[in-house]
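Novice: A single structure is presented below for examination.
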Amino acid sequence: MNELQTDSGDNATGTTKSGRVTGIGRVLIMVYGVLALAATGRSFVQIVSKFDQAPVAYTLSALAAVVYIVATIALVNRGTGWYRVAWITIGFELLGVLVIGTLSLVDPELFPHDTVWSFYGRGYLFIPLVLPILGMWWLAKHAPARAGRDGAAA
């Protein structure tokens, strides 16, 4: 299913209840979607217009864009497979923000131009630093059932 899932069936009784894509989940997905668009646009412009000036930084911006796109898709879709993809992408995002953020502070020469994750996402109001933490918290609160229903093979 490619539409927003409003039903997760993730409780032990086998009945359905409100899923990951309600309330704060919707806001989280919208923020991931906006970051996906922003990072994609930024990296596209950087790569097309001035890639030779900072190829590592601009490649990292493109990587961040891919991570945000995949995370958004994984958060929208239900099932244990997509749940795992969401954890992996959001975990990778947090690692990227922490590593690139720290490196950009310790040795600014490594990144002559900012990436999405430089200085812990300063250019994006530090949202790249806070978002994966919120995403992991949200995923932990909305784990799919382990009994194999709800798209376990998805």
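The values are calculated or read from the model by the stated rules, or taken from the named source; none is laboratory data. None of the values given here were measured: they were computed from a predicted structure. Because the Cβ atoms are built from the backbone with ideal geometry, glycine has one as well, and the counts that use them run over all protein chains shown. Please note that ligands, DNA and RNA were not included when accessible areas were found on the heavy atoms of the full protein model with its side chains. Shrake-Rupley method; radii C 1.70, N 1.55, O 1.52, S 1.80 Å.
Novice: Kindly list, by first and then second residue, each pair from a residue in the range 21-46 that is free of Cβ contacts under 8 Å to residues at least 40 places away in the same chain to a residue that is in a loop (DSSP other than H, G, I, E, B) and not acidic (Asp, Glu), limited to pairs with Cβ atoms under 8 Å and residues at least 6 apart or on different chains.
Specialist: Every condition considered, the pairs that remain are 22/6; 26/4.
Novice: Count, please, the residues in the range 41-80 that happen to be more than 24 Å from residue 26 (Cβ to Cβ) and not aromatic (Phe, Trp, Tyr).
Specialist: 19
Novice: Continuing with this model, one more query. How do the helices (runs of 4 or more DSSP H) wholly within the range 40-154 filter down when requiring 1 or more residues that are under 19 Å from residue 22 (Cα atoms), among the charged types (D, E, K, R) and open to solvent by 10 Å² or more (accessible area, probe 1.4 Å): which remain?
Specialist: Answer list for the range 40-154: 127-141.
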